[in-house]
Amino acid sequence: MEFPSSISMEQYWQVFMPHIIFIPLKNVSLTKEKSSGPGDMSSLLKNIVCKIKDVCRVGDEMGRSRAVETIENELEEMENVFGLLVLGSFVGIPSPPMQISLDLMPHMEKELLLMMEKVDTASQPLSQLFSVFDID
Amino acid sequence: MGKGGVGKSTSAALNSLFLSRIGFEVLLVSLDPAHNQSDIFEKKLSDKPKQIVPHLQGIEIDQEQWIKRYLKDVQQQIRRTYAYLTSFNLEKYFKVIKHSPGLEEYALILAFKEISRKFSKADVLVFDMAPTALSLKFFNLPSLSLVWTNHLLALRKEIIKKRELITKIKLMKKEIETDKVLSSIQKSIREYTDLKQIFENPYLTKINLVMNPDLLSLAESRRIVDGLNAINISLSQVIVNKMQKNSSIDHIVREFDGVDLLTVPFSEAPLVGIDSLQRFISANEKIFIKQPLEILNKAG
């Protein structure tokens, strides 16, 4: 898989840090004065390991999300093209025989909404492209 | 098939009547939006089969009704699958859609499919076709739709591939989900392929070209044959109707070399009413017996 090598250690750390700082540890009171035995210590350790695992999982998910962002944008464009091809007659684009559009229409709510959404950004193709490539 | 006014409906009526006379169970279906069969048989026909004579039933397809029924079905499906607000005000759009070009021939295709399925026990289904343009569109619809659906299928498969890649990276597993659009495209492809095969199979579909011995009729018949050849459909028989005593058919024989030719004489008496049609068949039985061999073999 390509993404782990494409994300630097520094980026990974940026993702993890806020979670490590702000994650509340359940059932752990820092003001507790006395420890009632070794059992408590092991549950505290277990809890910390659990939280670290959670943080790693969240970080991993975020890393994966970032890695597929471009593919997702590409997919969205393809779905829009598909929507335009099938339902193009509604916006004046050459389209397949009407019955093909109508047969597929009941299953294409997502594409229909996406097409409408794309209309808003259709007049700013460059800004959309810049946001896809994360250029500020 | 044939040019307007050459006698397509009368030929269909005579052929159906003849086949029923020799013992076939025949269903005569009028696909022409300007129905003539009720007038020819002097019997009111509708979209439900009605007995004309023993062994012969007739139906006149109500094209508008088929379009309405189809659109209503699509509308109901949309209501079931879309969120309420997306399908809000749907009627307004569908009122316009029903006038869209292309739905006319699709309504005929729907009727054709339904009738072929429902009356599969009949020995012969005789279809009285609409004028040339609509008939050619009717026969062309499966091929044209297949061009589009195959293209859409390829694009949809690309989309699904990308979607699977994203799911695999995000969730670390391949989530197999049925894509309803893909299933619908595949179903359409199967149906259009079946229809195309039925139209192209000369043993299942016999297309009779009806014409008169005049030059205009010949010119249009030539265009019909070219149109059919382009979609791989061949003619079964050419019926030269309204032949006068001094009419020559040499140019027609030359034009349709290798195709069975049937010459039907001009009738002095109007061919209206069952008795009149029966009399004409009795007087010209040797002409009508020249049916395609497969049909007569079936009759034994």
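The values are calculated or read from the model by the stated rules, or taken from the named source; none is laboratory data. All of these numbers come straight from a predicted model, not from anything done at the bench. Note that each Cβ is placed from the backbone with ideal geometry, even for glycine, and that neighbours are counted across all protein chains shown.
What are the residues in segment B:42-76 that are aliphatic (A, V, I, L, M) and within 22 Å of the chain's Cα centre (by Cα), if any? Listed by number, the residues that qualify are B:Leu45, B:Ile52, B:Leu56, B:Ile59, B:Ile61, B:Ile67, B:Leu71.
Of all the criteria given as (1) in a strand (DSSP E or B); (2) over 28 Å from B:Gly258 (Cα atoms), the one not satisfied by B:His151 is (1). Residues that are assigned to a helix (DSSP H, G or I), of a type outside the set (A, V, I, L, M, F, W, C) and more than 30 Å from B:Gln77 (Cα to Cα) within segment B:178-217 comprise B:Glu200, B:Ser217, listed in sequence order. Of the residues B:Arg21, B:Arg80, the single one that is over 21 Å from the mean Cα position of the chain (by Cα), surrounded by fewer than 22 Cβ atoms within 10 Å (Cβ to Cβ) and touching a residue at least 40 places away in the same chain (Cβ under 8 Å) is B:Arg21.
For B:Ala130, the conditions (1) within 17 Å of the chain's Cα centre (by Cα); (2) at the interface with chain A (Cβ under 10 Å from one of its Cβ atoms); (3) at pLDDT below 90 are fulfilled apart from (2). Of everything listed in (1) within 24 Å of B:Arg222 (Cα to Cα); (2) within 9 Å of chain A (Cβ to nearest Cβ), the single unmet condition for B:Tyr82 is (1).
Quick one: count up the residues across segment A:101-123 that are surrounded by fewer than 12 Cβ atoms within 10 Å (Cβ to Cβ) and not in a helix (DSSP H, G or I). Looking only at that region, the number is 2.
Residue-by-condition table, conditions (1) in a helix (DSSP H, G or I); (2) modelled with pLDDT under 90; (3) under 23 Å from the mean Cα position of the chain (by Cα); (4) of a type outside the set (D, E, K, R):
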{"position": "B:Ile233", "(1), (2), (3), (4)": "no, no, yes, yes"}
{"position": "B:Ser247", "(1), (2), (3), (4)": "no, yes, no, yes"}
{"position": "B:Leu271", "(1), (2), (3), (4)": "no, yes, no, yes"}
{"position": "B:Asp275", "(1), (2), (3), (4)": "yes, no, no, no"}
{"position": "B:Gln278", "(1), (2), (3), (4)": "yes, no, no, yes"}
{"position": "B:Ile287", "(1), (2), (3), (4)": "yes, yes, no, yes"}
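Taking segment A:65-79 as the range and being farther than 12 Å from B:Leu165 by Cβ, within 7 Å of another protein chain (Cβ to nearest Cβ) and among the charged types (D, E, K, R) as the test, only A:Glu79 passes. Do we find that B:Val210 is surrounded by 20 or more Cβ atoms within 10 Å (Cβ to Cβ), in contact (Cβ under 8 Å) with a residue 60 or more places away in the chain and among the β-branched types (Val, Ile, Thr) in this structure? The answer is yes for B:Val210.
Contact map, segment A:103-117: first residue facing chain B (nearest Cβ under 7 Å), second residue among the aliphatic types (A, V, I, L, M) and loosely packed, with under 15 Cβ neighbours inside 10 Å, Cβ cut-off under 6 Å, separation 6 or more or different chains; the map is empty.
Looking at this structure, is B:Gln63 surrounded by 15 or more Cβ atoms within 10 Å (Cβ to Cβ), touching a Ser or Thr at 6+ places or on another chain (Cβ under 9 Å) and either of a type in the set (Val, Ile, Thr) or touching a residue at least 12 places away in the same chain (Cβ under 8 Å) (or both)?
Here the answer is no, as B:Gln63 does not meet what is asked.
Is it true that B:Lys118 is surrounded by fewer than 16 Cβ atoms within 10 Å (Cβ to Cβ), more than 30 Å from A:Asn73 (Cα to Cα) and within 14 Å of chain A (Cβ to nearest Cβ)?
Judged against the criteria, B:Lys118 is not a match.
Residues being hydrophobic (A, V, I, L, M, F, W, C) and within 14 Å of another protein chain (Cβ to nearest Cβ) are entirely absent from segment B:39-60. Residue-level analysis places B:Leu152 among those that are at the interface with another protein chain (Cβ under 10 Å from one of its Cβ atoms) and either farther than 30 Å from A:Ser65 by Cα or modelled with pLDDT of 90 or more (or both). Checking each residue in segment B:112-130 for being closer than 22 Å to B:Gly23 by Cα and of a type in the set (A, V, I, L, M) picks out B:Ile115, B:Ala122, B:Val124, B:Leu125, B:Val126.
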